[in-house]
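Down below is the structure, laid out as structure tokens.
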Number of protein chains: 2
Amino acid sequence: MVDVASRAGVSKSLVSLALRGDPGVGAATRERIVQVAEEIGYRPHVLARALRERRTRRVGVILASLDNPYHTEVAAAVEDAAEKAQLSVLLAHGKRTSGQMEERINALLDLNLDGIVVVSSWAPPEMLQAAARRAPVVMIGRSTEAVDGIDSVNNDDEAGAALAVDHLAAAGHSKILHVNSSPRPAGLARRQGYEAAMRAHGLEAHIRVTSRGPDGALEPDLAAALAEGYDAVFARNDVEAADVLDYAWDHDIAVPDELAVVGYDDSMLARRTRPRLTSVHQPRADMGARAVELLLERIDGRSEDYHEVHAPRLVVRESAP
Amino acid sequence: MVDVASRAGVSKSLVSLALRGDPGVGAATRERIVQVAEEIGYRPHVLARALRERRTRRVGVILASLDNPYHTEVAAAVEDAAEKAQLSVLLAHGKRTSGQMEERINALLDLNLDGIVVVSSWAPPEMLQAAARRAPVVMIGRSTEAVDGIDSVNNDDEAGAALAVDHLAAAGHSKILHVNSSPRPAGLARRQGYEAAMRAHGLEAHIRVTSRGPDGALEPDLAAALAEGYDAVFARNDVEAADVLDYAWDHDIAVPDELAVVGYDDSMLARRTRPRLTSVHQPRADMGARAVELLLERIDGRSEDYHEVHAPRLVVRESAP
DNA sequence: CTGTTAGCGCATTCAT
DNA sequence: ATGAATGCGCTAACAG
């Protein structure tokens, strides 16, 4: 910076002001300074600036999984929104274990980011609170309960599950199985939504906790359920719905004729499977945008907690017309 | 730090030494210092340390796409390898345009990372060279040509294409279409590999540049090719192979009986499609590990360029048995 | 608009 | 083992 200053024949302070767009700098001098800076390839030292300013103008997004298309789609939505707010986004990947997750969150916070958004239900409340003591945190997705000090935005899982059940019931299905291998909050909420909706229709709820074999394939415990006459499945998310479709394919079960399938998330997978998957859509673009807005408000000093719930909607495709 | 020092009844310098594991600190005092640091929740200020030490012990991974499972799988492989080397990894997402890409690369470099690995063929050579002037760069994937000053690790695309063609030819196919919508280096290399292999088998090469409609679906220009009697397709990557499978499904073309399909990358998609996709596997775990090793060597001062080429192998599944 | 001063949190050196 | 001093590159406050 001293170099730029001397070459432009001004003071170091003026260079600082000019480069940051301070209005109190004459247009001509600013022009010259910017010119010189470019010439000698000067770039402000972000770390030094952050050390002094006590903020980085950067936010982190931490996601549990790079494999689940829904997660990466949400991350992309957050990025888009952040970009519009002149915030640079750093991604980190938590790898599905709580220890990893904590390490990653701290690694991000160590960079003194202005805030982080967590896209995962693998982060326990205590971990989130610890993080929130270091920087504003907003969570996209559902946590066990409202966590003090952090904002959240998620979709109404109970309503989403009801959309799925209503759709299947309206199509004449009465033996509707719920497939759900997740003990975490979003999974539980969808399960409860399913149970409530089934009750509302006077139908008997039946839940199957699937698990994956060593090769990552769905264990064939669906066979028993199908033998019991189930002709429709509402799965906890698109990944599990795709597992069900795969199982059906491998066992010559016709979808949707013998078995209708509904997923959750409306991720890329829903468009990729054949037959295409009917799925509950979470408004991820809106949710990402709101997450960024909430983060900005927090950075700006808001201290009450906001918990936003967005309405899902059903996207009907071939797997459950 | 001053706080820790006074509480532990030692000097600030000693705290610094103790926390960084300097051998010249007595075991008992170190113990006490670490203890106190933990008690009051002290964490070293990474930015200040980096400012002083001129390195961050962090590397960046920049990837063009979060949607292409192969890319995220490579990123995960790099992360795993980096973790073993005690390096913390930051991800950034380039969003498929060259401008975005450059912005992201610079955003990462502005953090004074010790190095970056680029997982993308969207970064033009000049951009990579500019980046390499700021920090060590290694590229995973193929660039137009060997770029001065950066290391690269990729698979042998020509050999991979030949594996696919050989397999199809051995299964009795002679009308093998190549589907390839990518004008970028890896795409070109696979195309050339296809052409060479077809020539070697005395077969006529035929290439179709697919494009996507507004809804992201593959445009139906496959129809013509199939009418011409093609009974096998080798696609440039799994995404395009999945497009072909989708097309086949939507047009009642039986795979593999009427049309055999081979993809490239052996990503998650290959296991997800039905029928499961035969695909050329890139050894991404090895490639990621090597990328990290090369980066460490660069950080350590190596200045010659390394360009590594790994051997692909074919994974046979149902779409082309 | 200038130029000086102070300090962000740390690592490092050196004399003690 | 100490503790004072220096500087990493920058911003901010202030008197000119």
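The values are calculated or read from the model by the stated rules, or taken from the named source; none is laboratory data. Values in this document were obtained by computation on a predicted structure and should not be read as measured data. For neighbour counting, all protein chains shown are included, and Cβ atoms are generated from backbone atoms with ideal geometry for every residue, glycine included. All accessible areas refer to the heavy atoms of the entire protein, side chains included, with ligands and DNA or RNA removed. Shrake-Rupley method; radii C 1.70, N 1.55, O 1.52, S 1.80 Å.
One compactness figure for segment B:252-321 is 1.59, namely its Cα radius of gyration divided by 2.2 N^0.38 Å. With Cα atoms defining each centre, segment B:99-143 and segment B:151-190 are spaced 27 Å apart in the structure.
So what is the relative contact order for segment B:2-53, in percent, with contacts set as C-alpha pairs under 8 Å and at least six apart?
Details: 31 pairs, mean separation 16.7, N = 52.
32 percent.
Between the amide H of B:LEU90 and those of B:VAL59, B:GLY60, B:VAL61, distances stay under 5 Å, these residues lying 5 or more places away or on another chain, with hydrogens modeled in the peptide plane. Using only side-chain charges placed at the Cβ, +1 for Lys and Arg and -1 for Asp and Glu, the dipole size of the protein assembly as shown relative to its Cα centre rounds to 2820 debye.
Database remark: amide H of B:HIS310 closer than 5 angstrom to the amide H of B:ASN154, B:ASN155, B:ASP156 (H placed geometrically; neighbours at sequence offset of 5 or more, or on other chains; Pro and chain starts carry no H).
Sketch the reach of a paramagnetic label on B:ASP166 as a point 7 Å from Cα along Cα-to-Cβ, and name the residues of segment B:234-269 whose backbone nitrogen lies under 18 Å away. So the set is B:234-235, B:262-266. Helix A:69-84 axis versus longest C-alpha principal axis of chain A: approximately 30°, rounded to the nearest ten. Working from label points 7 Å from Cα in the Cα-to-Cβ sense, the B:GLU83 to B:LYS12 distance is 3.7 nm.
If you filter segment B:59-168 for GluC sites (Glu not before Pro), then keep DSSP loop positions with at most 13 other Cβ within 10 Å, what is left? Walk me through the numbers before you get to the answer.
Numbers: sites: B:GLU73, B:GLU79, B:GLU83, B:GLU102, B:GLU103, B:GLU126, B:GLU145, B:GLU158; in loops: B:GLU145.
Counting only loop positions with at most 13 other Cβ atoms within 10 Å, the GluC sites (Glu not before Pro) in segment B:59-168 are B:GLU145.
As an equivalent ellipsoid, chain A spans semi-axes of 49, 19, 17 angstrom, where each value is the square root of five times an eigenvalue of the C-alpha gyration tensor, largest first.
Taking θ as phi - 60° and the Karplus parameters 6.51, -1.76 and 1.60, the scalar couplings of segment B:119-131 work out to 10, 4, 9, 8, 8, x, x, 4, 5, 5, 5, 4, 5 Hz in sequence order, x denoting glycine and proline. Solvent-accessible surface, computed for protein heavy atoms with a probe of 1.4 Å, shrinks by 40 Å² or more for the following residues of segment A:59-87 when the other protein chains are added to the isolated chain: A:LEU66, A:THR72, A:GLU79, A:GLU83.
With the crude spin-label approximation of a point 7 Å out along Cα→Cβ, what separation in nm comes out for A:GLU126 versus B:ARG184? Label-label distance for A:GLU126 and B:ARG184, simple model: 4.4 nm.
Compute the acute angle (0 to 90°) between the alpha-carbon long axis of helix A:98-110 and the principal axis of greatest extent of the alpha-carbon atoms of chain A; round to the nearest 10°. Value to nearest ten degrees: 20.
Pull out a ≥ b ≥ c, the square roots of the eigenvalues of the alpha-carbon gyration tensor of segment A:2-53, then state rounded if a/c is under 1.5, prolate if not and a/b is larger than b/c, and oblate in the remaining case.
Values: a/c = 1.88, a/b = 1.31, b/c = 1.44.
Here segment A:2-53 falls in the oblate category.
Percent of C-alpha pairs per 10 Å bin in the protein assembly as shown, short distances first: 3, 14, 22, 24, 20, 11, 5, 1, 0. Averaging the sequence gap over all C-alpha pairs within less than 8 Å and six or more residues apart, then dividing by the number of residues, gives segment B:10-152 a relative contact order of 19 percent.
For A:LYS12, no lysines have a Cα falling under 20 Å of its own Cα, not counting residues fewer than eight places away in the same chain. Taking a ≥ b ≥ c as the square roots of the eigenvalues of the Cα gyration tensor, an a/c ratio below 1.5 marks segment B:157-281 as rounded. Computed with every protein chain present, the accessible area of B:MET268 is close to 40 Å² [probe 1.4 Å].
To the nearest 100 Å², how much accessible surface do chains B and A cover up together, summed over both, with a 1.4 Å probe? Before the final figure, lay out the partial values.
Numbers: alone 15710 and 15710 Å², together 27230 Å².
Summing both sides, the interface buries roughly 4200 Å².
Of the trypsin sites (Lys or Arg not before Pro) found in segment A:156-196, those that fall in a DSSP loop while having at most 16 other beta-carbon atoms within 10 Å are A:LYS175.
In percent, what relative contact order does segment B:147-293 have, based on Cα pairs under 8 Å that are 6 or more apart in sequence? Don't skip to the end; give the middle numbers.
Values: 218 pairs, mean separation 35.0, N = 147.
Relative contact order here is 24 percent.
Net charge in the neighbourhood of A:TYR42 (other residues with Cβ under 10 Å of its Cβ; Lys, Arg +1, Asp, Glu -1) is -1. Residue by residue, segment A:169-178 carries 3J(HN,Hα) couplings of 5, 4, 7, x, 7, 10, 9, 10, 8, 10 Hz when phi is fed to the Karplus relation 6.51 cos²θ - 1.76 cosθ + 1.60 (θ = phi - 60°); x denotes Gly or Pro. Summing charges over all other residues whose Cβ lies under 9 Å from the Cβ of A:PRO125, with Lys and Arg as +1 and Asp and Glu as -1, gives -3. Note on A:ALA196 and B:ALA223: with the Förster distance fixed at 41 Å, the Cβ-Cβ geometry gives a FRET efficiency of about 0.30.
Here the Karplus relation 6.51 cos²θ - 1.76 cosθ + 1.60, evaluated at θ = phi - 60°, turns the backbone of segment A:45-56 into coupling constants of 7, 4, 5, 4, 4, 5, 4, 7, 6, 6, 6, 10 Hz, with x for every Gly and Pro. Other residues lying with their Cβ under 12 Å from the Cβ of A:ILE116 contribute a combined charge of +1, Lys and Arg counting +1, Asp and Glu -1.
Rounded to the nearest 10 square angstrom, A:ARG290 shows an accessible area of 50 square angstrom against a 1.4 Å probe. Calculate how many DSSP beta bridges within the protein assembly as shown are antiparallel, expressed in % of all such bridges and rounded to the nearest 5. Antiparallel: roughly 10 percent of the beta bridges in the protein assembly as shown.
In this structure the amide hydrogen of B:ALA260, modeled in the peptide plane, comes within under 5 Å of the amide hydrogens of B:ALA232, B:VAL233, none closer than 5 places in sequence on its chain. Dipole of chain A (Lys/Arg Cβ +1, Asp/Glu Cβ -1, origin at the Cα centre): which of A:ALA242, A:VAL262, A:VAL59 lies farthest to the positive side? Value computed over the given set: A:VAL59.
B:HIS201 contributes an accessible area of around 80 Å² to the protein surface, as traced by a 1.4 Å probe with all chains present.
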